[in-house]
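Each value in this text was obtained by applying a stated rule to the coordinates, not by laboratory testing. Just so it is clear, the structure is predicted and the values come from calculations on it, not from any experiment. Glycine gets a Cβ as well: all are built from the backbone with ideal geometry, and neighbour counts include every protein chain shown.
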Amino acid sequence: MVQNTEASSSQHRGTRSSLRGALSRIISPALPLAFLLALGACSTPSGPAQPSGPGYYTIQKGDTLSSIARKFKRSNSEIIAWNKLSDPNDIKVDQALRIAPDGARASGNPVASRTARPRNDDSDDAAAAAGEQKDALDWTWPAAGQSSRGTGQGRKGIDIAGQLGQPVMAAAAGKVTYAGSGIRGYGNLVIIKHSSTMLSVYAHNKTIMVKEGQMVSKGQAIAEMGKSDSNTVKLYFEIRRQGKAVDPTRYLPSR
């Protein structure tokens, strides 16, 4: 058990990092590179000029092969074939992808000339949840209590108010990939990897009850609610899909 003490956090002193940096270190190389790009954990090197114009799309921050395919009503296999991708996960920001057959013109293929625009985040969440069938994971609420939108810049999770020491539970089965207090603003933090694309984040705990590398089941107690790096007792909870924080209420059951 990892306690919320000076001793338990001394290993992180002087190296406190951001959440997105920690997530970039714990993920498997098999995860989509877009996961890293979405968290700003890597940069795109300069290189030769990329093709552009009708029939091409320039990859933007947060894009994945699947999201690009959905955007242009194409299949993943078509885009992989047209771009001769040996690793479909290895796509980079500012890289040009062909999203129409070679030789297609704008007049003959309106999809090829479509100008991509950023989509509303909530629409992305809804499409992801429905299109991916919620990634086939069985979710549960991580704690009892009144929930509200998480506070803080860039946060898209939820705050769950509760009592000091009450159980914090794994929202789905998975593997603990982070358990510690080295992430600025999150206090005693647990991160669980549920699949190749899905993570969940549990912050501000009083006590952490699991260790990195441990497998946990849905509903298993992983921590006690607290107020580390917080002014009030609460659990801050996030679900991240392919590196991007999504609205947890679209995945959690109604209550």
The range 50-101: C-alpha gyration tensor shape, a/c 1.5 cut-off, then a/b vs b/c: rounded
Peptide ranges 224-230, 240-246 listed from the most packed, as the mean C-beta count within 10 angstrom indicates: 240-246, 224-230
Quick check: pseudo-label points 7 Å beyond the Cα along Cα→Cβ at GLU212 and ASP102, how many nm apart are they? 4.6 nm
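Please compute the length gained on full extension between ALA221 and SER148, using 0.36 nm multiplied by the number of residues separating them and subtracting their Cα-Cα distance.
Details: separation 73, 0.36 × 73 = 26.28 nm, distance 2.16 nm.
Between ALA221 and SER148, full extension yields 24.1 nm more.
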Contour minus end-to-end for SER196 and LYS175, with contour as 0.36 nm per residue of separation and end-to-end as the Cα-Cα distance? 6.4 nm
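Pairs LYS156/LYS244; LYS61/LYS92; LYS156/LYS218: which are spaced more than 20 Å apart, C-alpha to C-alpha? Please list the in-between numbers first.
Details: LYS156/LYS244 9 Å; LYS61/LYS92 8 Å; LYS156/LYS218 22 Å.
Correct reply: LYS156/LYS218.
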Take each of the peptides 60-71, 197-208, average the number of other beta-carbon atoms within 10 Å over its residues, and list them starting from the highest. 197-208, 60-71
At 0.36 nm per residue, and after removing the present C-alpha to C-alpha distance, how many nm does the segment from ASP94 to ARG255 gain when stretched out fully? 53.8 nm
Burial order of peptide ranges 179-185, 213-219 (average beta-carbon count within 10 Å, highest first): 179-185, 213-219
Along its three principal axes, how long is the range 135-240 when you only count alpha carbons? Whole Å, largest extent first please. 33, 25, 24
